[in-house]
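Asker: Take a look at this one; I'll ask things after.
Since every read-out is calculated from the coordinates, none of them should be taken as a lab result. Remember, it's a predicted structure, so these values are computed and weren't measured experimentally. Counting neighbours? That spans all protein chains shown, and the Cβs are built from the backbone with ideal geometry, glycine included.
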Amino acid sequence: MTKVAKKKKYISLPPELKRQIAADLGCCVEVVDNALNYKTEGDRPEEIRRIAKEMGGVDGIKIRWVTVH
């Protein structure tokens with residue numbers, strides 16, 4: 001058995017700023033969360049990520065160790 005690191009990008013942003021982005025763009029907070037966790041792609045998610053970074057969002061990487069048989 002081998003352990004492998006799975007990496008996922010995300011942008012960290014306080015909940016109140018996520019709500020503000022959702023209100024400004026006319027979408028729900030779940031759409032913003034999905035964009036900031038790179039679960040969605042396209043023009044809208046790219047716009048959300050750009051706005052989040054302009055508001056002080058910080059890029060991060062989540063690392064999870066997975067056992068491979």
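Asker: Could you check the chain for helices (runs of 4 or more DSSP H) lying wholly inside it with 3 or more residues that are surrounded by fewer than 14 Cβ atoms within 10 Å (Cβ to Cβ)?
Answerer: Fully inside the chain and qualifying: 15-25, 43-54.
Asker: Oh, and also: Pairs only if they're at least six apart or on different chains, beta carbon under 8 angstrom, first in region 23-48 and farther than 15 Å from LEU13 by Cβ, second assigned to a helix (DSSP H, G or I) and among the polar types (S, T, N, Q); list them, first residue then second.
Answerer: Note: pairs meeting the criteria are THR40/ASN34.
Asker: Do you know which residues across region 54-66 are touching a Ser or Thr at 6+ places or on another chain (Cβ under 7 Å) and farther than 15 Å from ALA35 by Cα?
Answerer: If the condition is that a residue be touching a Ser or Thr at 6+ places or on another chain (Cβ under 7 Å) and farther than 15 Å from ALA35 by Cα, then no residue fits.
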